[in-house]
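Chemist: This is the structure I have questions about; it appears just below.
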Amino acid sequence: MLISYRKNLERITFFSMMSFFVLPALATIYQALAYGFSLQCLAIVISTQIMFIMDTVELNLRFYSQQAAYEKARYEAEHDGMTGLLNKKAGWKHMRKYFDRMDSHDEAMLMFVDIDDFKIINDTYGHTVGDFWIREVASQLRHIYRQDDIICRYGGDEFIVLIRNTASEQVLETTLGMFFQQLTRASEQRGQDVHCSVGVCRVAAIRISGNRDTSRNTDGENGEDTRGGVDFGQCVKQADLALYETKRFNKGTFNVYNYDRS
């Protein structure tokens with residue numbers, strides 16, 4: 001049976017199981033010629049231990065192999081194959097989770113990033129070049145923004161970035177300035193006119209002090225209202241509108257809408 005199933009077994013498993021039979025058999029033959037039964041018993045113990053150890057090792061390897069396969073499958077399910085960024089479904093899940101936990105102290109900026117005239121790029125240079133620029137924009141966004149920020153490929157040539165824990169206009173201008181500069185440099189190196197437009201929804205922190213409307217959710221100490229008051233869907237719409245305005249009037253730049261949390 002072992003020989004017939006040899007192809008279905010790992011080599012190390014096959015030999016460890018064979019030892020369970022071979023060692024006692026050899027010991028039995030030897031002890032019949034020279035010794036008593038003690039050697040046979042010793043061989044049984046040794047072979048049993050070998051099989052136990054080898055089987056345990058194989059189970060360990062199988063477990064880690066299955067775990068690695070599971071992690072790979074989960075990664076592929078959540079990430080875009082071309083860019084390595086989160087896909088739309090996973091990105092929106094993480095972003096919505098952040099917005100659901102926001103209170104009046106928290107702030108963020110949600111950005112739509114779109115490659116301008118992408119169809120013309122594909123028609124002029126070919127889809128291979130178009131794919132290159134999708135990967136290039138994704139790489140630059142990943143390089144500029146922090147690991148704590150959430151970046152996903154929304155679809156096609158469009159990306160969404162959630163900059164967490166800040167609504168600083170200076171941070172926005174600095175990071176987008178770096179992004180535009182690097183994209184311009186890469187575009188000039190390849191001799192291709194490629195640029196991006198950006199629409200931003202800026203969610204600033206608010207403070208509601210005093211004992212106003214204490215029936216609402218407060219922190220329990222000074223009566224400060226800690227409701228989030230941020231609709232993720234509405235924020236996405238405003239960022240999209242800001243992007244539309246940028247593409248309509250001034251491509252290659254950015255436009256900011258301030259989210260009203262009142």
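The values are calculated or read from the model by the stated rules, or taken from the named source; none is laboratory data. Note that this is a predicted model, so its numbers are computed, not measured. Positions of Cβ are backbone-derived with ideal geometry, glycine not excepted, and every protein chain shown enters the neighbour counts. Ligands, DNA and RNA are stripped out before the accessible areas are found, and what is left, the full protein with its side chains, is counted by its heavy atoms. Shrake-Rupley method; radii C 1.70, N 1.55, O 1.52, S 1.80 Å.
Chemist: Here's a check for you: in the range 89-144, which residue that is assigned to a helix (DSSP H, G or I) and among the acidic types (Asp, Glu) is nearest to PHE232 (Cα to Cα)?
Modeler: First, pick out the residues of the range 89-144 that are assigned to a helix (DSSP H, G or I): 89-101, 118-125, 127-144.
Pick out the ones that are also among the acidic types (Asp, Glu) and you get 100, 123, 131, 136.
Details: ASP100: 8, ASP123: 35, ASP131: 30, GLU136: 28 Å.
Among residues in the range 89-144 that are assigned to a helix (DSSP H, G or I) and among the acidic types (Asp, Glu), the one nearest to PHE232 (Cα to Cα) is ASP100.
Chemist: Spot the failing condition for ALA90; the list is (1) surrounded by 14 or more Cβ atoms within 10 Å (Cβ to Cβ); (2) without any contact (Cβ under 8 Å) to a residue 24 or more places away in the chain, and only one is missed.
Modeler: Condition (2) is where ALA90 drops out.
Chemist: Let me ask something else about it. Return the residue satisfying two criteria in turn: it lies in the range 223-262 and is of a type in the set (Lys, Arg) and surrounded by 14 or more Cβ atoms within 10 Å (Cβ to Cβ), and of such residues it is modelled with the highest pLDDT. I'd like the intermediate steps shown before the answer.
Modeler: Restricting attention to the range 223-262, the residues satisfying the condition of being of a type in the set (Lys, Arg) are 227, 237, 247-248, 251, 261.
So of that shortlist, the ones also surrounded by 14 or more Cβ atoms within 10 Å (Cβ to Cβ) come out as 227, 247, 261.
On the way: ARG227: 49, LYS247: 95, ARG261: 74.
The selected residue is LYS247.
Chemist: Within the range 143-164, can one find any residue that is within 23 Å of LEU241 (Cβ to Cβ), more than 18 Å from the chain's Cα centre (by Cα) and without any contact (Cβ under 8 Å) to a residue 24 or more places away in the chain?
Modeler: Taking every residue of the range 143-164 in turn, none turns out to be within 23 Å of LEU241 (Cβ to Cβ), more than 18 Å from the chain's Cα centre (by Cα) and without any contact (Cβ under 8 Å) to a residue 24 or more places away in the chain.
Chemist: Still on this structure: Hey, can you tell me all the residues within the range 158-174 that are part of a helix (DSSP H, G or I) and either open to solvent by less than 20 Å² (accessible area, probe 1.4 Å) or at positive phi (or both)? Let's see the steps before the verdict.
Modeler: In the first step, residues of the range 158-174 are kept if they are part of a helix (DSSP H, G or I); the result is 169-174.
Selection gives LEU172 alone.
Chemist: Among the residues that make up the range 212-222, is at least one of them touching a strand residue (DSSP E or B) at 6+ places or on another chain (Cβ under 8 Å), at pLDDT below 95, surrounded by 16 or more Cβ atoms within 10 Å (Cβ to Cβ) and closer than 29 Å to HIS79 by Cα?
Modeler: no
Chemist: If you don't mind, another one. Going through the range 115-135 one residue at a time, which ones are over 27 Å from ARG74 (Cα atoms) and either aromatic (Phe, Trp, Tyr) or open to solvent by less than 70 Å² (accessible area, probe 1.4 Å) (or both)? It would help to see each step written out before you state the result.
Modeler: Restricting attention to the range 115-135, the residues satisfying the condition of being over 27 Å from ARG74 (Cα atoms) are 115-130.
Result: ILE115, ASP116, ASP117, PHE118, ILE121, ASN122, TYR125, GLY126, VAL129, GLY130.
Chemist: Could you please tell me which pairs satisfy a Cβ distance under 7 Å, a separation of 6+ or placement on different chains, a first residue in the range 14-27 that is farther than 20 Å from VAL57 by Cβ, and a second residue that is open to solvent by 20 Å² or more (accessible area, probe 1.4 Å)?
Modeler: Hits for this filter: PRO24/GLN40; PRO24/ILE44; ALA27/LEU39; ALA27/GLN40.
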